[in-house]
Amino acid sequence: MDTIIDFLNTVFWGYVLIYGLLAVGIYFTIRLKLVQLLHFPEMIKAVRGSRAGDHAGISPFQALCTSLASRVGTGNIAGVAVALYLGGPGAIFWMWVVAALGMATALAESTLAQLYKVKDHNGNYRGGPAFYIARGLGAPWAAVAFSICLIISFGLVFNAVQANSIADAVEGAFGIDKMVSGVVTAALTGIIIFGGISAIARVAEVVVPFMALGYLLVAVIALVANIADVPAVIGTIVSSAFGFDQAAGGVTGGVMAALLNGVKRGLFSNEAGMGSAPNIAAVATPDPHHPVSQGFVQALGVFIDTLMICTATAVVILLSGQLEPGSGLTGTQLTQAAMEVHIGSFGRYFIAVAIFFFAFTSIIGNYSYAENALVYLKVDSTVGKTVLRVAVLLMVIWGAYESVATVFNAADASMGLMATINLVAIVLLSGLVSRLVKDYLAKRKRGEVPHFVASEMPELKGEIDEEIWSRP
């Protein structure tokens, strides 16, 4: 079994996804005519729309915060440090490139999730890749496979990974036993997820801005304190990316090390194209009432995750002088050492607290995706949700003190299949995405508030919920 799982991971993560996600990002950037760059202000407008959802959905701001809850995890702290250690400062430049391209991919998949959303038996919006795969492509078998993989990877195993990160960080900083951390984390998780997606959204819109702004504030303090060195740091990032500063390379050195590590960490962090964030994008009530509105919101999520939070970690590390390829100091330990340089011994505790918030919000964000998958599989009864919630809590406790590589590798393979299915789907539906984006921007150009109604695209009759998209 280990051999099969390792083979699948080699195929998915060594070839299909690294190059596939990058290629799809380039494809949508070209097809949508640099929409994520030329129309960046539209992302801010979409988030600044109504802060209140209607009776069936959550607000655009809540959707952004919930997707960020999942996106912003330990990868923003430990993952960036690993990228710097293995790829040198140049890896950060390629993370920026991946994020810029990924914003277009995120816009596409979340636009489709909005368009194909439905109402469940409780009258709440539900949707995601499974729905546009089944309804838009007529491939329910692929939608079932996607949903199962989503539940296994994001709903269960990755939450154990996040719990493990919390337990390690808390034990290292405060000496608290891992089992205690696991039980406390599970208890807090249970309080929130048993309230459903609406409760998760309410918590996310408070906690996520708090944790993100707090982390960015410390980075700004470090930047201001070392303002004279900032131009040199930026110059090193760019020059290393193109091999002009080989001495700054990682263990393997050179342009390829920077490129591969930057691309990998960037893709893993912002999740653009993975098919995860669209699950919460579909639950939102967009403002204005157009599928592309929520696409812009989720594109902004990629920007915040990678170009802001990951960059903050990178700047803190590079300004500290603690990056020494070959020293063995990497991951969370490298970020902690860097933070101690800037804010003293408190830095170690600050990083432990940051990891707790980043990982904890990832757990509740990941759960919200899995609950959407239950809806598509039609097992979202009270019993079905309760079983999933209890399983999540057990995985959190188990993950806090146990680390079984085979299980985590299996989750990677599961996510690899999930992401591959999603990438194929959004490329096949790219023509529809392009038409929707053109419609949205044309209405903006005419001075109208972009609203989409089903009758504007009669060819979608029978595929989308016309009641949702019928109001003017």
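Throughout, read-outs are computed from the coordinates displayed, never taken from laboratory work. Computed from a prediction, not measured in an experiment: that's the story for all the values here. Cβ coordinates were reconstructed from backbone atoms using ideal geometry, including for glycine residues, and neighbour counts include every protein chain displayed.
Relative to the first principal axis of the alpha-carbon coordinates of the chain, what is the inclination of helix 230-241, with its axis defined by its Cα atoms, in degrees from 0 to 90 and to the nearest 10? Here the helix axis deviates by roughly 70 degrees.
Please tell me which of these pairs span more than 26 angstrom C-alpha to C-alpha: LYS45/LYS445; LYS45/LYS438; LYS117/LYS264; LYS33/LYS461; LYS117/LYS443; LYS378/LYS443? Don't skip to the end; give the middle numbers.
Numbers: LYS45/LYS445 15 Å; LYS45/LYS438 17 Å; LYS117/LYS264 31 Å; LYS33/LYS461 28 Å; LYS117/LYS443 22 Å; LYS378/LYS443 37 Å.
Flagged as over cut-off: LYS117/LYS264; LYS33/LYS461; LYS378/LYS443.
3J(HN,Hα) along region 12-17, derived from phi through the Karplus expression 6.51 cos²θ - 1.76 cosθ + 1.60 where θ = phi - 60°, amounts to 5, 8, x, 10, 4, 7 Hz, with x in place of Gly and Pro. Annotation: amide H of ILE58 within the under-5 Å range of ALA284, THR285, sequence separation 5 or more or interchain, hydrogens built in the peptide plane.
Rank the residues ARG71, ARG348 as a footprinting-exposure proxy: fewest other Cβ atoms within 10 Å of their Cβ go first. Don't skip to the end; give the middle numbers.
Working: ARG71 29, ARG348 20.
In order of increasing Cβ crowding within 10 Å: ARG348, ARG71.
A simple spin-label model places pseudo-atoms 7 Å from Cα toward Cβ; at SER345 and TYR401 they are separated by 3.0 nm. In plain terms, the residue of ARG389, ARG446 with the fewest other Cβ atoms within 10 Å comes first and the most crowded comes last, giving ARG446, ARG389. Taken as Cα centroids, region 103-137 and region 64-79 sit 22 Å apart, rounded to the nearest whole angstrom. Computed over the chain, relative contact order equals 34 percent, with contacts defined as Cα pairs under 8 Å that lie 6+ residues apart. The ranking of SER455, SER269 from fewest to most other beta carbons within 10 Å of each one's beta carbon is SER455, SER269.
Grab the Cα-Cα distance for ILE227 and THR386, subtract it from 0.36 nm times how many residues apart they are, and report the gain in nm with one decimal.
Values: separation 159, 0.36 × 159 = 57.24 nm, distance 5.17 nm.
Full extension from ILE227 to THR386 adds 52.1 nm.
For the chain, the longest principal axis of the alpha carbon atoms and the long axis of helix 196-225 meet at an angle near 40°.
Residues whose amide H comes within less than 5 Å of that of ASN226, counting only those at least five positions distant or on another chain, are absent (H built at 1.01 Å from N in the peptide plane).
Listed values for region 286-303 are Karplus-derived 3J(HN,Hα) couplings in whole Hz (6.51 cos²θ - 1.76 cosθ + 1.60, θ = phi - 60°), namely x, 9, x, 7, 8, x, 5, 4, 6, x, 4, 4, 6, 5, 5, x, 5, 4, and x replaces Gly and Pro. So, R0 is 41 Å and r is the distance between the beta-carbons of LYS378 and SER239; what FRET efficiency does that work out to, to 0.05? Efficiency at R0 = 41 Å is approximately 0.15.
Going by a ≥ b ≥ c, the root eigenvalues of the Cα gyration tensor, does region 1-105 fall in the rounded group (a/c under 1.5), the prolate group (a/b larger than b/c) or the oblate group?
Details: a/c = 1.81, a/b = 1.57, b/c = 1.16.
Prolate.
Between the helical axis of 254-270 and the dominant principal axis of the chain, each derived from Cα atoms, what acute angle in degrees is found, rounded to the nearest 10? Around 50 degrees separate the two axes. For the chain, the Cα-based Rg and Dmax, in that order, read 21.3, 63 Å. Centre-to-centre, using Cα atoms only, region 198-238 and region 314-352 are separated by 15 Å.
Using the Karplus relation 6.51 cos²θ - 1.76 cosθ + 1.60 with θ = phi - 60°, the per-residue 3J(HN,Hα) values for region 360-375 come to 5, 5, 5, 4, 6, x, 4, 4, 4, 5, 5, 5, 4, 5, 4, 4 Hz, with x marking Gly and Pro.
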